[in-house]
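This report refers to the structure that appears directly beneath it.
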């Protein structure tokens, strides 16, 4: 498997070199079953200039340290936060660095069943031979326990409650029973290094609220949107440039337009960022994540280039932002209009004026 | 963790390495045997330990401490058997124009406190060497021992800390500080129990640690300060301190050994400054002169200094909560209870104590905290400490572990220890409790015999001067005409007493708002037994009535949240004539208003601010730019919230209309003051908001009516007014019966005067009401009644006249406005039912028309 043939290579392949370098220089003690020490994993995620390791996440150091300690002390790690705060990316990076494999992933959803998590059977063999280890088809959790690796459970709260609860035994006793088999195969004891990283959306709060018993077995870590304006702006600029290049467009979205975009997103994201002046705003139903901002920036670039062969303007931004923010929610439409009438109108600068003038393009 | 990034070397490698450092080193080698300057962080247990140890080791002749020089003659008061924390409260007030007050708080673990105690124990001469609190340099400083006192210092400190943090991989001022300085392996054995024959080896080890700590602190502060001269006020303070050092070093023409304890920010500059102080000053036998009080405040108080200047310093009890960094911006080390425990028993014991306290608290409050959690917290703390390279877990390690193990949900606000200032809204309840346990509930207590401020005398003098003494036996009632200057002064004094909750001064009637139209006030004066006791207790707030009332309001300010409560405080301050109180309040109001989420709440702040801005002449508040700014902010927020289209609940409807009325008043005023600052308020934008609100189909009928009424009421030409009346008619006709009354209520509350004389409007109204069928009418009735309640009885009479005119009747309007006959409701209902039956029978036989 080489990088060239893959649309999106997993973290352990795209960062293989860095991981190898870290392993080489890693002198610190490693928790049992880990490929790297805690310190090395921290450097892998937050970057280290001395070793030439790039920074892969904008996140508080203390938060990353808490996550590593949770995983090293054998408790499940639950990453919660607004959609688009890079929870999944974080869990992928952690799994790649700690176990060298980010592929043991369970995608939570309404249709997921227990056998997609634990194991199922090869029915031809099952009928032919009866239950045997050969007929057993392991699912990610089984493989993670068997090989001592991290298992990722994405969007955990989307999975039905009974499916969530089948994790209880595995998390506390670290053993999976396979009642169909007998002898040594009836019990699968987890090897050192096995653990679970789950992610959940705060927007899904209350959809399938986790049971108290399951919550107790996880340590919660909230992933916040990027706090620093400049960092977010840089991230949006670089990511959107990459996306535009992939779409075959050499024209980047101009800096002032990106500033408008990021400021609008941060304003509408509301309550978390206090002290932006003029008071707090109401939270929108729509997701105002950095990832979404990158998509909008991409859309602005694509729109301007393919429709008129020019770079993006504030007017393009108004068109694209409308589609992202409003979706089908009448309330959000009102809030966005109010934002333009009352906040955008008062900002200084050419680009803000142009942005305000284009407000009739809002849906 | 050999190659952990958390090594101290980064401090040395970091920025600002300059020639300055060399100068510092040179000056300190020259006099290093004689003058030792220890730059500390206020309220740091590690620094306190260092200071105590250095004084014991070097036995200096003088111990000089950053603190108010005017307290020097009374230093002995500090050595009475007090219970800490306590503070030196210094104040200066010159009438209404100038008021300054600042606190210098001490806890057991304050380096300054240890310097005092150990210095005296070792027989050194003690002195405070900083400027007094009334000096200009302290104009904006309320806490002498805050980490950061002005924006220049803040800029410098945060730049250095950010860079250092980046290199070490640590974020946050407190986390960085603890990692660098509080984590040294200093056991408690080096502090108090020196005399108990400590184990020689460990004593040597701990001395080595202290030497390392001392070197680190010095390097850290040299890098932080660089060659920055600092703000004007910091320069003035450093000049004063340097003069003292130079004087003490040469005093009596001897070569004295001097140890200086001061904020780390000042230390490098002092080391540079003092050797250059003029030699003739050094020969002086008297201590450096304190600047002259009158000169210093002459500029501020218009030169009209008279005998009313009151100044003084007193020891007052302080509380752990106030020491906490989470209490406000201007404070020192966070989590005083934790620091106290570290001071008393070392890091390990403090951690155990902390965990125990938190578990107890959480169980008390019925929050989840099981034995398994406790185990998990323990393991995580140790692991985090190891990962971060700490020998003993530090405060941040404990907190991070607690958050990870106890919080079982997504957070809505960042963890409290990752930012400065009060807890944010939406902080998890578990975290709120944890921070509260860490703040502790220590309350200081003064030793008996400590001189207290003479509030009692001041109050009785003021009462005598204004002829307000309460009679000893019975009570007397006085009426004050508020437009009269003398009476107004009396009213203020009484309001100040009321703020201090002194029994015996009760207001019987009077205006609710400081600037309302009511013109008289009634007070009952009596002299209950508790009065004197209350005055003694209130003495901790200050020495004069005005000071005490301000301090009391400031205390209330700390506990008040929400725009409405804060506006009430502003109102009380205005009633009591205390403009000096307002700056802190205004900034809090700013914050509260920006984060207010309900339209109704903002009406009162807007009305109070507007009133004070227009009419607060006597308070010196009229036309104040700060008030205008606040007014602007409130208007902005109000307009922003006006466009939330939700229903208005019945109990909110009065407040809702009051907010619209306040808005209307302000808009009218702004329209009329073209060319004045008030005229620059965004009237056009506000009117556009009203337009949109009045038209929006999703808006509550009450608000639509109110918005329209507001437009009508501020319309300045007839054409515009006619248009708005037309839209009012359209609005009422378009609404369903249930909403009719609400919209009408909004309209009449805001524009009854404009509407009640318009025949077309009255005709439509009559038509709409008479078109209602019985069920609809009953549904609309309560709101209609509420709407007509806005009309004074005279206008109700006029309305009745118009209705009768429309009906072609010549009866007196009294027939419509007279109260119903005194028949009870049941009888009325019975009769009405009979009437209905009769009509039904007539209809049945085809006799009804």
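The values are calculated or read from the model by the stated rules, or taken from the named source; none is laboratory data. Note that the structure is a prediction, hence the values are computed from the model and not measured. Note that we place each Cβ from the backbone using ideal geometry, even for glycine, and neighbour counts take in every protein chain shown.
Per-structure values
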item	result
Index of the failed condition, residue B:430 passing every other in (1) within 12 Å of another protein chain (Cβ to nearest Cβ); (2) under 28 Å from the mean Cα position of the chain (by Cα); (3) free of Cβ contacts under 8 Å to residues at least 40 places away in the same chain	(3)
Looking only at segment A:334-343, and only at residues there that are more than 9 Å from chain B (Cβ to nearest Cβ) and in contact (Cβ under 8 Å) with a residue 60 or more places away in the chain, the one that is surrounded by the most Cβ atoms within 10 Å (Cβ to Cβ)	A:336
Single residue of segment B:383-409 satisfying the filter (more than 8 Å from chain A (Cβ to nearest Cβ) and in a loop (DSSP other than H, G, I, E, B)) that is farthest from residue B:591 (Cα to Cα)	B:391
Residues (assigned to a helix (DSSP H, G or I), under 22 Å from the mean Cα position of the chain (by Cα) and buried (at least 22 other Cβ atoms within 10 Å of the Cβ)) located in segment A:141-161	A:141, A:144, A:156, A:157
Filtered residue count, segment B:541-598, keeping only those that are more than 14 Å from chain A (Cβ to nearest Cβ) and on the phi > 0 side of the Ramachandran plot	2
Among (1) within 14 Å of chain A (Cβ to nearest Cβ); (2) touching a residue at least 24 places away in the same chain (Cβ under 8 Å); (3) surrounded by 16 or more Cβ atoms within 10 Å (Cβ to Cβ), the one test that residue B:698 misses	(3)
Residue count, segment B:226-242 (criterion: in a helix (DSSP H, G or I) and farther than 23 Å from residue B:258 by Cα)	2
Segment B:630-656, residues that are touching a residue at least 24 places away in the same chain (Cβ under 8 Å) and more than 19 Å from residue B:692 (Cβ to Cβ)	B:630, B:631, B:632, B:633, B:634, B:652, B:653, B:655
Lone unmet requirement of (1) closer than 27 Å to residue B:655 by Cα; (2) not in a helix (DSSP H, G or I) for residue B:809	(1)
Selection status of residue A:58, under 15 Å from the mean Cα position of the chain (by Cα), surrounded by fewer than 20 Cβ atoms within 10 Å (Cβ to Cβ), assigned by TED's automatic domain parsing to the domain that holds residue A:194 and within 28 Å of residue B:174 (Cα to Cα)	yes
Checklist (1) in a helix (DSSP H, G or I); (2) under 32 Å from the mean Cα position of the chain (by Cα) applied to residue A:341, failing item	(2)
Condition check for residue B:417: in a helix (DSSP H, G or I), within 14 Å of chain A (Cβ to nearest Cβ) and at pLDDT below 85	yes
Sole residue being surrounded by fewer than 23 Cβ atoms within 10 Å (Cβ to Cβ), touching a helix residue (DSSP H, G or I) at 6+ places or on another chain (Cβ under 7 Å) and either more than 10 Å from chain B (Cβ to nearest Cβ) or farther than 23 Å from residue B:398 by Cβ (or both), chosen from A:100, A:47	A:100
Top-ranked residue of segment B:385-409 - restricted to ones that are free of Cβ contacts under 8 Å to residues at least 40 places away in the same chain and within 20 Å of residue B:339 (Cα to Cα), ranked as surrounded by the fewest Cβ atoms within 10 Å (Cβ to Cβ)	B:385
Selection from segment A:188-240 of residues that are over 23 Å from residue A:67 (Cα atoms) and either crowded, with 21+ Cβ neighbours inside 10 Å or within 10 Å of another protein chain (Cβ to nearest Cβ) (or both)	A:188, A:236, A:240
Identity of the residue in segment A:241-274, outside any helix (DSSP H, G or I), away from chain B (no Cβ under 14 Å) and touching a residue at least 40 places away in the same chain (Cβ under 8 Å), that ends up surrounded by the fewest Cβ atoms within 10 Å (Cβ to Cβ)	A:247
Out of B:759, B:792, sole residue that is under 15 Å from residue B:817 (Cα atoms) and either surrounded by fewer than 16 Cβ atoms within 10 Å (Cβ to Cβ) or at pLDDT below 85 (or both)	B:792
Some residue of segment B:328-341 being at pLDDT 80 or above, in contact with a helix residue (DSSP H, G or I) (Cβ under 8 Å, 6 or more places away or on another chain) and assigned to a strand (DSSP E or B)	no
Out of A:118, A:87, sole residue that is more than 12 Å from chain B (Cβ to nearest Cβ), at pLDDT 85 or above and at negative phi	A:118
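Okay, residues lined up against (1) assigned to a helix (DSSP H, G or I); (2) within 14 Å of another protein chain (Cβ to nearest Cβ); (3) over 23 Å from residue B:343 (Cβ atoms); (4) more than 29 Å from the chain's Cα centre (by Cα):
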{"site": "B:368", "(1), (2), (3), (4)": "no, yes, yes, yes"}
{"site": "B:372", "(1), (2), (3), (4)": "yes, yes, yes, yes"}
{"site": "B:381", "(1), (2), (3), (4)": "yes, yes, no, yes"}
{"site": "B:411", "(1), (2), (3), (4)": "no, yes, yes, no"}
{"site": "B:426", "(1), (2), (3), (4)": "no, yes, yes, no"}
{"site": "B:441", "(1), (2), (3), (4)": "no, no, no, no"}
{"site": "B:461", "(1), (2), (3), (4)": "yes, no, yes, yes"}
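Residues are listed down the side, and each one gets a yes or a no for (1) part of a loop (DSSP other than H, G, I, E, B); (2) within 25 Å of residue A:145 (Cβ to Cβ); (3) within 10 Å of chain B (Cβ to nearest Cβ); (4) under 18 Å from the mean Cα position of the chain (by Cα):
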position: A:9; (1), (2), (3), (4): yes, no, no, yes
position: A:18; (1), (2), (3), (4): no, no, no, no
position: A:24; (1), (2), (3), (4): no, no, no, no
position: A:29; (1), (2), (3), (4): yes, yes, yes, no
position: A:36; (1), (2), (3), (4): yes, yes, no, no
position: A:42; (1), (2), (3), (4): no, no, yes, yes
position: A:51; (1), (2), (3), (4): yes, no, no, no
position: A:69; (1), (2), (3), (4): no, yes, yes, no
position: A:77; (1), (2), (3), (4): no, yes, yes, yes
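A quick yes/no check of all residues on (1) outside the structural domain of residue B:263 (by TED's automatic domain parsing); (2) in contact with a helix residue (DSSP H, G or I) (Cβ under 8 Å, 6 or more places away or on another chain); (3) in a loop (DSSP other than H, G, I, E, B); (4) crowded, with 23+ Cβ neighbours inside 10 Å:
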{"position": "B:64", "(1), (2), (3), (4)": "no, yes, no, yes"}
{"position": "B:71", "(1), (2), (3), (4)": "no, no, no, no"}
{"position": "B:88", "(1), (2), (3), (4)": "yes, yes, no, yes"}
{"position": "B:118", "(1), (2), (3), (4)": "no, yes, no, no"}
{"position": "B:126", "(1), (2), (3), (4)": "no, yes, no, no"}
{"position": "B:134", "(1), (2), (3), (4)": "no, yes, yes, yes"}
